[in-house]
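Asks: Take a look at the following structure, please.
What follows draws every value from the coordinates through simple rules; no lab data is involved. Only a predicted model underlies this, so the values are computations on that prediction, with no experimental measurement involved. Using ideal geometry, Cβ is built from the backbone for each residue, glycine included, and neighbour counts are taken over all protein chains shown.
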Amino acid sequence: MPTSFRQLSPGGWLAQSVAFLTLLATARTSGGFIAPVTAIAQTAAVRATPPPRVERTRFCTRCAATAAEPEAQNVPFGFDRVCSKCGMGVMLTTPRKALPGSGAAFVVVTREGRISAVSEAAEPLVGEEPGLLGMPVGSALNSSDGDERLARQVARAAGAGREVAEATVTPVLQAGENPTRLRTRIASCGPPRAALLVLERASV
């Protein structure tokens, strides 16, 4: 059974205290474990700088109307998931840098790389939404940088990546001798987590 402090004689307790203090002084002067422990404590005490806040906007997956985040509207999160303007789309959130305004042409792609929404403005470019739902993104868009790279960008965004990537894509419906080239911003959106591909005509 371990010996408790009460079982030690006063002399024994004092002797152990002196020995312990001597050990600490030796470790401090010889650069023992005290210095690393002190460095760790000082590092932990430094307040970590949080990453910059990403300005976000909410958007309807159908009519592409945009709105402020719920807290800016004093609306509880999840209360208005259905778009109040068209009543057909779901309200998702994305970085404002990716979707600065309403009425954009875009496609929403799941983490599995399948199309889950097509905005009304995007239908003339990629096709009507009912025929694309659940289809691989490659069935609607081809990337000039390679479809594998596009798939990686989509997967990264759908995995809640913070950056807004860019790509140049061509709608499959408009491929030919003079294909339509679209500049695309790829960003995270949700919930649930997905990738938002905002389509704009590329400058010639």
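Asks: Which residues in the range 160-190 have a backbone N closer than 15 Å to a point placed 7 Å from the Cα of ARG149 along the Cα-to-Cβ line?
Replies: From the range 160-190, the list is 165-170, 182-186.
Asks: Treat each spin label as a single point 7 Å out from the Cα along the C-beta direction, and report the GLU177 to GLU123 distance in nm.
Replies: It is 3.1 nm.
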